[in-house]
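Inspection log for the structure reproduced underneath, given as structure tokens.
The values are calculated or read from the model by the stated rules, or taken from the named source; none is laboratory data. These numbers come from a predicted model, not from an experiment. Counting neighbours? That spans all protein chains shown, and the Cβs are built from the backbone with ideal geometry, glycine included. Calculation scope for accessible area: heavy atoms of the full protein, side chains included, ligands and nucleic acids excluded. Shrake-Rupley method; radii C 1.70, N 1.55, O 1.52, S 1.80 Å.
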Amino acid sequence: ILKVASSFPPDKAPLSKSLLLVPSALSLLLALLLPHCQKFFVYDLQAVKHDFQIWRLICGRIICLDLKDTFCSSLLIYNFRIFERRYGSRKFASFLLGSWILSAFFDLILVEVIQYSFGITAASNLPSGFLAPVFALFVPFYCSIPRVQVAQILGPLSITNKTLIYILGLQLFTSGSYIWIVAISGLISGMCYDSKMFQVHQVLCIPTWMAKFFSWTLEPIFSSSEPTSEARIGMGATVDIQRQQRMELLDRQLMFSQFAQGRPQRQPQGGMINWNRLFPPLRQRRNINYQDGRRSEQAASPPPEVSEEQVARLMEMGFSRGDALEALRASNNDLNVATNFLLQQ
């Protein structure tokens, strides 16, 4: 599994939570209680170039003045918190900082190119907020997150686990007149940082002392405990549906526990112990007739062979081949369940 070089606990994702809550709260505060202060957070490159108001490159690129942009960017940050859990908060913060700085440079270039080529002055109409790093996160999202089909519609068209994120990004992309400039600069900066072009990942990074400081300040505020197994499920459903959901939840927990028990007992030749041969999976007992009583349980069939394509996808995400094989066997070749479990380790 990827080595996490971070001072923050990756499973708690404190940086993602702070970016989700703090800018949203400030945006609501400016929109509802302090509308006269919004002029200080306008992203006006015209004022930067002619009046040398350099501070607008910082203030104008932190807080969204449009509540629709605030809502969409907050949802995207919430979904992109998987990168903080994978890479660690320090590397995740370095990516956001690097793309934020690079995107300001590309904003200036794109605005000048548009004005020179088409005679359109867009320097004073760019949208405000922490938008460019959000668009930059689509680069690692496209490259490193596997695409798993969920449903198929209209022949070749299909819905995947990434479709909703792309739709949300398209909504943010079309929310303003010149937001596409910020989006393009964010994507370019994300590609430059993700491909390690010109070694920008070593220059634009968070120092260790700063990571420790924010770990000491942010972790107690935005830390949260793991969800308990007694969480309510099946709200508003019938008793049979609630029972089925409960059995599915227990089945998933059993697979995870089998995988956790098998890892320290991994052998070079035998691999992971096939617990399904000793204990039948709970999914085979879902359709028991409760009126006739319990029926005798049948022995579970041997697990199917692991798909090499799914193993390759997990290895592309940074996991070892042994961990990928064990996770896929324990999850009955379910790539989503296997990925979620490996990310929680």
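Within region 45-81, which residues are crowded, with 19+ Cβ neighbours inside 10 Å and in a loop (DSSP other than H, G, I, E, B)?
60, 61, 63, 64, 65, 80
Give the residue, chosen from 86, 90, that is among the basic types (Lys, Arg) and open to solvent by 20 Å² or more (accessible area, probe 1.4 Å). Show your work before the answer.
Details: 86 fails: open to solvent by 20 Å² or more (accessible area, probe 1.4 Å).
Being among the basic types (Lys, Arg) and open to solvent by 20 Å² or more (accessible area, probe 1.4 Å) holds for just one of 86, 90, which is 90.
Output the number of the condition that residue 100 fails; it satisfies all remaining conditions of (1) in contact with a Lys or Arg (Cβ under 8 Å, 6 or more places away or on another chain); (2) assigned to a loop (DSSP other than H, G, I, E, B); (3) closer than 22 Å to residue 185 by Cβ.
All conditions are met except number (2).
When residues of region 103-132 are filtered for being open to solvent by less than 40 Å² (accessible area, probe 1.4 Å), closer than 12 Å to residue 49 by Cβ and not in a loop (DSSP other than H, G, I, E, B), how many remain?
The total comes to 2.
Among the residues of region 152-165, is any more than 16 Å from residue 92 (Cβ to Cβ), surrounded by 18 or more Cβ atoms within 10 Å (Cβ to Cβ) and modelled with pLDDT of 90 or more?
Yes, region 152-165 has at least one match.
Residues of region 318-329 being at pLDDT below 80 and either over 23 Å from residue 143 (Cβ atoms) or in contact with a helix residue (DSSP H, G or I) (Cβ under 6 Å, 6 or more places away or on another chain) (or both), which ones?
Hit for region 318-329 is 319, nothing else.
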